[in-house]
Amino acid sequence: MSDTASSASGAAAYRPRGRGPLRRILGEPLGGLGAGLVALAVLGAIFAGVIAVHDPITIAPIDRFLAPSGDHPFGTDNLGRDLFARVLFGSRIALSVSLGATFLSLLLGVSAGLVAGYGPRWLDNGLLLVFDALKSFPTVMLALFLVTLTGPSLQAVVLVVIIANAPSYARMARTQTMSLRHAEFVLAEQSLGAGAVRIISTHILPNIIGPLLIVASMDIPVVVAIEAGMSFLGLGVRPPTPSWGSILNDGFSYIRESPWPVLAGGLPIIVTTLGFTFLGEALRDAFDPKRSGGEKR
Amino acid sequence: MLTYAVKRLGLALAVVGAVIAVVFVMIYVIPGDPAAVALGPRASPALVAELRQRMGLDRPLPIQIVRFYGSVLSGHLGNDILSNESVLTIILGLMPHTLRLILGAMSWSILLGIPLGCLSAMRPGSIFDRITAVLSVSVIAVPAFVIAIYALLIFSIGLHWFPAIGAGEDPMDELYHLVLPSLAIGLGWVGYIARMLRASILDVQGENHVRTARAFGLSERKIVFDYVLRIAILPTLTVLGIGIGQMLSSAVFAEIVFARPGIGKLVYDAIITRNYPIVTGTVLVTTAFFVLVNLIADLFIAWLDPRVRYSLQR
Amino acid sequence: MTIKFTDRGITRRRLLQGAAIAGIAAAAGPKYSLAAGGSVLRVRSYADIQNLDPAHRTGQPDGDVMNCIFASLAVYKAGDTWSWQPFAAKSIKQLDPTHVAFELHPGIMYSDGFGEMTADDAKFSFERMIDPKTKSEYVDDWAQLDHVEVKDKYSGVIVLKQAFAPLWNSTLPTDSAIILPQKAIEAAGGKFDTKPPCTSGPYRIKSWEPKTKLVLERNPDWKLTKPDFDEIHVMPIEDEKTAELGFEGGELDYTWTSVSSIPRYLKNPPAGAKFVRKPSLAYVWMGINQDFPQFKDIRVRQAIQYAVDRKAVVEAAYLGAAETSTGLIAPGLPGHRTKGLISHDVAKAKKLLKEAGLENGFTCTLAILNKAERLAAAQVVQANLAEVGITVQIEPHDSGTFWSLGSEKAGSSWKTLQLIIDRFSMEPDPSWATAWFTPEQIGVWNWERFNSKEFGDLHKKGLTELDPAKRATMYVKMQNLMEESGDYVFLTHEATGVLYSNKIVPALRPDGIPLLSRFKKA
């Protein structure tokens, strides 16, 4: 669901000019909400050790399936572990995996896209084939294969995300590079004898990276969803590591015994998705010249 | 346009070929012996060796791949390692269930997503718009299996409105069995389509021909339907094309939770039991399907949108 | 046997009429389609049928159906204690330790024009099981069969090479004693898979949609018993929780539940349903690979045996539904141990580790099958072993990988296998439990690489010992040997929860496995 940047607030187009981007982001209610939710997730991850009273992996089977209370704000799971602590510590994994995997897919995707867009025709065709093949490979099957190979691990999750997302970034980068390679300033540089690497890195990349960054920021929560899906199929992180996907999956197994674990695992996923999506859209509206009333940086 | 179509078709075929080669490499690398799993604990080593030979697993990898391409061209996808039945027959038998599921999910996302997107776009920034935005993103975020299990618990077990499991008996019953599973797969797409459409409507509204129409004093209703929606729907169509492929992938969640027969469950089971002829056959069929749908979507867009058509001819 | 593999395999399938689905129709009101008449029984099986040939059947889903469509010499009695009754046979009698006489009922007709069941067919069917050309996975069920002597049209004598104790427990009342005509098997090419060349039981196959539904209908030619239901619909549903929901949604008349759901259903059965808890024969244990360098010292293995709080593991994994076991052999079978040798003792575990020079602990892996119960059990083991300084890394595997972990044929993972939680199911004869742990089975199914000649010899003796008391002592001794080796931590036999509509009366073996053709209307 990633390669078509969904634009949001066209409302921004009718906004008065001259406000700073930051104020514009926070001024828009949904942008402010997004920034707040992202901050909440980040702070939760950083201060997990301080906020959580209980240890996220200490088991106490006697206390299983407790409903939320002062001591256990989100209740407990099937092994009596405190869900609040697991959610907090899980946010570390969710955020680090999401950010890491998204960064890596962007890095790989954009590099490949630049090469395809700027390089010779045969290379472009070859890379295009690779992008499309990777994209049409069923994600679930990819996950199954990788995990049977490496065992359930964070690396496997990251790898699945990269293979699922990088081709979209590569295609976007390729299209934009192609539209720029015949631009006058690039042709001028070429006639001055500048090498391909220099042209790509100093002239093309800075011009195409903005929109890609924003699309990628909106893909960050998708990573969490992929991790959850993999956990459901038993392919997520290694137990007893607390991750939102594994909390959800454990909760799913015992949903007839207690509804709380599923809620505890699902809520943070919704919160971060809302946060990153609205923040990403607000960012785009703030920086996209077409949308910010003709304002140029 | 024709050259474009031919070129795209060639690329599509190459993609399918490449994906299959990758599957064979994966099968070659991952642990687990299909022959041992298939025959179960009581099989003697000699029996296992015999089955391996029959499956062609003792041959070098490139030969396995070439043999598979050969048999695909002659219309065979191999046989199930256990029942020795044609993989093609099995896939053709289960495909309709999954296609119905995807069509159902599509219907949800179109029937709910498009009106929501239009209504939001008409009053950007309104309370309705913002609530729709928050709800849309929320349903995108919730994993399909969570929606599936809650739908099952609430509407089947709690309220007894819909059947819980299976695919149904006759066409009407099948439709009835389809409601909850397709909702589970499609709900996220409702949110996604609503947001996509809203964004592209707002985009198009800013364009010159719409501004001109507005300046001529045409009614807002006429503008939206005749000038805006016709263009704004195009990116949504592309996304739906890609969506079909992704729904094919996420169908496995609904098929597991609702005990529905289907391709997703088939390939999932085949992988964990190392029933490789089914794996390769299914990947071939689903990849071909995915590539084909995208191809059709692209050609359709190229045909509908004069700008794309023009850029292709250049 | 019986290790439960998940379903695989599929075959022919009816081509569905292309029903046009334009949109979502909001049809109103629930539709209880078929059960309304009460003559259709809808049951769940954990997988689709894969092979209905008695010589090549794969698991319980096949067995459930074979019970209905074929006639074996004898069958298990439904109830709470293990016993059998003649079925295709009018009488079966042990003449001496190596001779068993039988007389078939006259008038059992095969379908498809293959005529009446005769003693010749019995001779063919049983001898076919041991014929090397058949390559039957079940050859051990008839391990001591020499030949079958035909006396007249309906009667004959099974002649054994030597006494064979499991014959009465787990051969004659099972699918290994199914009788089929030679002509039909030969017409099918010597074997068949999901399409039997003929049937002879209380039911016959009406239709089969692979992975979706198998419909059995009453066999009009069957005269020996009178089955209650016109049709039996068998639905393959792998996931137990889904089956439970399907039952509660009114779409099944019978299913068994996941073990961890037992307490909830005992307390609170769904409206219109009954729930019973049955003891299971399966055994779950944690194995320690004694050839792995870290575990070569028996004191290290023993430390693990003492460190694991088996009660806590079982309690957490099954939410209190199952009890800890004392060994491989469940209560009610000869050879069941009333008590194990080792009980939870952290101090002793620490002392043993210290003696082994490992008081600072070490790291090892624990392989499990990827299921909620095993995951919970493994995490408690992990916590237990952490108490004595052992760091456990849990490695969940899908069934394809898991079932080949310790096999020398399937790769090299048997060398790095360390701890493993495993479960085997079995038939009601103790030899079924011990068969997999003999020295010959090392690297086949004996993944702990437990190597005891005494154990192997006792297993062979146990097969030919007919005195139940002597036999029981042998199997107790064998389980002691296993535990003394330090390789095994016996966890539980689990339990079986059976959920059924109060419109039916199920017929169940003592371990809860259904005998579908004998289900009755309430």
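Structure above, values below:
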item	result
C:ALA330 vs. criteria more than 30 Å from C:TRP168 (Cα to Cα) and in contact (Cβ under 8 Å) with a residue 60 or more places away in the chain	no
Check on C:LYS354, of a type outside the set (Phe, Trp, Tyr) and under 27 Å from A:ALA60 (Cβ atoms)	no
When residues of segment C:199-224 are limited to those that are part of a loop (DSSP other than H, G, I, E, B) and more than 26 Å from the chain's Cα centre (by Cα), the one surrounded by the fewest Cβ atoms within 10 Å (Cβ to Cβ)	C:PRO220
Filtered residues of segment C:300-340 (kept if part of a helix (DSSP H, G or I), within 26 Å of C:SER431 (Cβ to Cβ) and out of contact with any helix residue (DSSP H, G or I) (no Cβ under 8 Å at 6 or more places or on another chain))	C:ARG310
Residue in segment C:366-385 that is out of contact with any Cys (no Cβ under 8 Å at 6 or more places or on another chain), surrounded by fewer than 17 Cβ atoms within 10 Å (Cβ to Cβ) and touching a residue at least 12 places away in the same chain (Cβ under 8 Å) present	no
Counted residues, segment A:26-72 - those being within 14 Å of chain C (Cβ to nearest Cβ) and touching a helix residue (DSSP H, G or I) at 6+ places or on another chain (Cβ under 7 Å)	4
Residues being touching an Asp or Glu at 6+ places or on another chain (Cβ under 9 Å), more than 9 Å from chain C (Cβ to nearest Cβ) and not charged (D, E, K, R) - total across segment B:88-124	6
All helices (runs of 4 or more DSSP H) inside segment A:151-265 with 2 or more residues being under 30 Å from A:MET141 (Cα atoms) and among the charged types (D, E, K, R)	A:154-181, A:205-232
Hey, C:ASP422 closer than 30 Å to C:ALA472 by Cβ and part of a strand (DSSP E or B) or not	yes
Number of the condition not met by B:ALA251 [criteria: (1) over 14 Å from the mean Cα position of the chain (by Cα); (2) crowded, with 23+ Cβ neighbours inside 10 Å; (3) assigned to a helix (DSSP H, G or I); (4) aliphatic (A, V, I, L, M)]	(1)
Filter result for the condition that a residue is under 26 Å from A:SER168 (Cβ atoms) and either more than 9 Å from every other protein chain (Cβ to nearest Cβ) or of a type in the set (Lys, Arg) (or both), over B:ILE154, B:ILE131, B:ILE147, B:ILE223	B:ILE147
Pick from segment C:387-413, criterion in contact (Cβ under 8 Å) with a residue 60 or more places away in the chain and of a type in the set (A, V, I, L, M, F, W, C), ranking: nearest to the other protein chains (Cβ to nearest Cβ)	C:TRP403
Pairs, first within 9 Å of another protein chain (Cβ to nearest Cβ) in segment A:246-259, second buried (at least 24 other Cβ atoms within 10 Å of the Cβ) and charged (D, E, K, R), C-beta under 6 Å, six or more apart	A:ASP250/A:ASP77
Filtered residue count, segment A:31-82, keeping only those that are closer than 19 Å to A:THR272 by Cβ, aliphatic (A, V, I, L, M) and not in a loop (DSSP other than H, G, I, E, B)	13
Flag if A:VAL97 is modelled with pLDDT of 80 or more and in a helix (DSSP H, G or I)	yes
One residue from B:PRO261, B:PRO277 being within 14 Å of chain C (Cβ to nearest Cβ) and in contact with a strand residue (DSSP E or B) (Cβ under 7 Å, 6 or more places away or on another chain)	B:PRO277
Test: residue in segment B:4-12 that is modelled with pLDDT of 85 or more, assigned to a helix (DSSP H, G or I) and basic (Lys, Arg)	no
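Conditions (1) at positive phi; (2) in a helix (DSSP H, G or I); (3) over 24 Å from the mean Cα position of the chain (by Cα); (4) at pLDDT below 95, marked per residue:
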residue: C:LYS93; (1), (2), (3), (4): no, no, yes, yes
residue: C:THR134; (1), (2), (3), (4): no, no, no, yes
residue: C:ASP141; (1), (2), (3), (4): no, yes, no, yes
residue: C:ASP152; (1), (2), (3), (4): no, no, yes, yes
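The values are calculated or read from the model by the stated rules, or taken from the named source; none is laboratory data. Source: prediction; values computed, not measured. Cβ sites come from the backbone with ideal geometry, for glycine too, and all protein chains shown count toward neighbours.
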